[in-house]
Amino acid sequence: MSSIERDAGRCLCIGFTDPTPPAQVLERVRAGEVGGVILFTRNATSLEALCETTRALSQAAPWPLLLAVDQEGGAVQRVAKGITRWPAMRELGARGDEGLCERVGAAIGADLRVLGFNVDFAPVLDVVSSDVNTVIGDRSFGSDPEQAAKMALAVARGLSAVDVIPCGKHFPGHGGPVADSHMELPLEKRSADALRAVDLVPFARAIEAELPLLMSAHILVPALGASEVPGTLSRAVCTDLLRQEMGFEGVLVSDCLEMRAISDNVEKLTGRDDFGEAALAALMAGVDLLLICHTEARQRAAYRRLVEAAKADEAVAARLAEAAARVEALQARVVAAPAAPEDVMAALDPERHAALLAELGG
């Protein structure tokens, strides 16, 4: 495997639709064509099976594999059966208690660690001030940017304390009155001043706190320079704003590139009807880790396009190497998963968090 092929693999985070990893997924992990794997409810048929899945993936990888899940609380808890259910983060944020938020983050993280995860795509840093926004809704910690930042980053500290890497999302903010990027390409119409006063504040605080991982949003934001392509594909957003102006030095992961905001508009956004082109565009915009959650053909197309472009263009190769180095540094933070408990159900007994849930009124 060439250094370019290895770099391309490190920059891909994939998912699969089978309950357990198919042989071809394990082979791609083993070959160094995958830097991370995201799991969903479809992969969590039982807690014991989920432990076996994370162990198999981790053992197959030539590097510390990023094993990720969306475990926010509320409606977005991909591991749902047999595990503690937490309230929506709006409810938690309304308490205004950083210590309580940190303890909830640590409790969520402790359960994820037993299951073998080392990354939680949480907390949400989006500031929601309008009921029109339903894609984020009560996933947000609130409508006040400073308060939302404090509560969200307390959850992030709790996750970090138990060796789960937190991820702040969705930069530069998905909290306005915009459409759902899972279904269409949203347009954020507010001014730069309004966005800087509200939406960017939690991300600025996250950068000050040295949060190691942020996720991009697939939103057109003309006021921030993303008028023709969404933030994920915009150098003005991912590099000029996030890196150069705001000083972020960690890993930027894309939201899933298979969301319809991107996948339905590949040719319009990139000029080529090739899904791999969207992955390349995101990389060149400044995204380091490309999230492709569902379709093997699209994952392979992305890998091929990154390798092809990097071999043909030194500038692409340099950007790919830069992204891979950032991902490698993040992988170096991974703490080996604990030995699988003999009785996963006992280890994850929801009653172990009963006192904390009681404080939340649950």
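Go through the stretch 161-184 and give me each residue that's touching a helix residue (DSSP H, G or I) at 6+ places or on another chain (Cβ under 7 Å), farther than 27 Å from residue 327 by Cβ and hydrophobic (A, V, I, L, M, F, W, C). 183 - this is the single residue of the stretch 161-184 that is touching a helix residue (DSSP H, G or I) at 6+ places or on another chain (Cβ under 7 Å), farther than 27 Å from residue 327 by Cβ and hydrophobic (A, V, I, L, M, F, W, C).
Of all residues in the stretch 193-252, which are small (Gly, Ala, Ser) and farther than 19 Å from residue 128 by Cα? Selection gives 209, 225, 226, 227, 234, 236, 247, 250. Is it the case, given these coordinates, that residue 315 is crowded, with 18+ Cβ neighbours inside 10 Å and over 17 Å from the mean Cα position of the chain (by Cα)? Criteria not met by residue 315. The condition (being more than 18 Å from residue 348 (Cβ to Cβ), buried (at least 18 other Cβ atoms within 10 Å of the Cβ), acidic (Asp, Glu) and at pLDDT 95 or above) is satisfied by just one residue among 33, 27: 33. Would you check if there is a residue in the stretch 167-189 being at pLDDT below 95, farther than 17 Å from residue 216 by Cα and among the charged types (D, E, K, R)? Taking every residue of the stretch 167-189 in turn, at least one turns out to be at pLDDT below 95, farther than 17 Å from residue 216 by Cα and among the charged types (D, E, K, R). Regarding the stretch 130-143, can at least one residue be identified that is charged (D, E, K, R), modelled with pLDDT of 95 or more and in contact with a Leu (Cβ under 9 Å, 6 or more places away or on another chain)? Checking the stretch 130-143: not a single residue is charged (D, E, K, R), modelled with pLDDT of 95 or more and in contact with a Leu (Cβ under 9 Å, 6 or more places away or on another chain).
Within the stretch 151-177, which residues are of a type in the set (D, E, K, R) and either free of Cβ contacts under 8 Å to residues at least 12 places away in the same chain or within 28 Å of residue 240 (Cβ to Cβ) (or both)? Walk me through how you get there before you give the answer.
So the first thing to find is which residues in the stretch 151-177 are of a type in the set (D, E, K, R), and the list is 157, 163, 169.
The one that is of a type in the set (D, E, K, R) and either free of Cβ contacts under 8 Å to residues at least 12 places away in the same chain or within 28 Å of residue 240 (Cβ to Cβ) (or both): 169.
For the stretch 107-122, the candidate set comprises residues that are touching an Asp or Glu at 6+ places or on another chain (Cβ under 7 Å) and under 16 Å from residue 170 (Cα atoms); within that set, the residue that is surrounded by the fewest Cβ atoms within 10 Å (Cβ to Cβ) is 121. Please determine, by comparing only the residues of the stretch 62-79 that are out of contact with any helix residue (DSSP H, G or I) (no Cβ under 8 Å at 6 or more places or on another chain) and in contact (Cβ under 8 Å) with a residue 12 or more places away in the chain, which one is farthest from residue 292 (Cα to Cα). Checked the stretch 62-79; the qualifying residue farthest from residue 292 (Cα to Cα) is 70. As a summary of the residue check, residue 309 satisfies the conditions (1) out of contact with any Cys (no Cβ under 7 Å at 6 or more places or on another chain); (2) touching a residue at least 60 places away in the same chain (Cβ under 8 Å); (3) buried (at least 20 other Cβ atoms within 10 Å of the Cβ) except for the one numbered (2). Residues of the stretch 145-160 include at least one that is assigned to a helix (DSSP H, G or I) and hydroxyl-bearing (Ser, Thr, Tyr). Exactly one residue among 82, 93, 158 is surrounded by fewer than 23 Cβ atoms within 10 Å (Cβ to Cβ) and in contact with a helix residue (DSSP H, G or I) (Cβ under 9 Å, 6 or more places away or on another chain), and that residue is 82. Of note, residue 187 does not satisfy the criterion of being buried (at least 18 other Cβ atoms within 10 Å of the Cβ) and touching a strand residue (DSSP E or B) at 6+ places or on another chain (Cβ under 7 Å). Cβ-Cβ distances below 7 Å connect the following pairs, each with a first residue in the stretch 329-352 that is under 30 Å from residue 210 (Cα atoms) and surrounded by 12 or more Cβ atoms within 10 Å (Cβ to Cβ), a second residue that is modelled with pLDDT of 85 or more and of a type in the set (Phe, Trp, Tyr), and a separation of six or more residues or different chains: 331/63.
The listed residues are 328, 351, and the only one of them that is in a helix (DSSP H, G or I), charged (D, E, K, R) and under 30 Å from residue 252 (Cβ atoms) turns out to be 328.
Apart from one condition, residue 25 fits all of (1) within 20 Å of residue 330 (Cα to Cα); (2) in contact with a strand residue (DSSP E or B) (Cβ under 9 Å, 6 or more places away or on another chain); the exception is (1). Does residue 226 fit the bill of being buried (at least 20 other Cβ atoms within 10 Å of the Cβ), free of Cβ contacts under 8 Å to residues at least 24 places away in the same chain and touching a Ser or Thr at 6+ places or on another chain (Cβ under 8 Å)? Here the answer is yes, as residue 226 does meet what is asked.
The values are calculated or read from the model by the stated rules, or taken from the named source; none is laboratory data. This one's a predicted model, so the numbers in the text were calculated from it and none came from an experiment. So basically every Cβ, Gly included, is an ideal-geometry build from the backbone, and we count neighbours across all protein chains shown.
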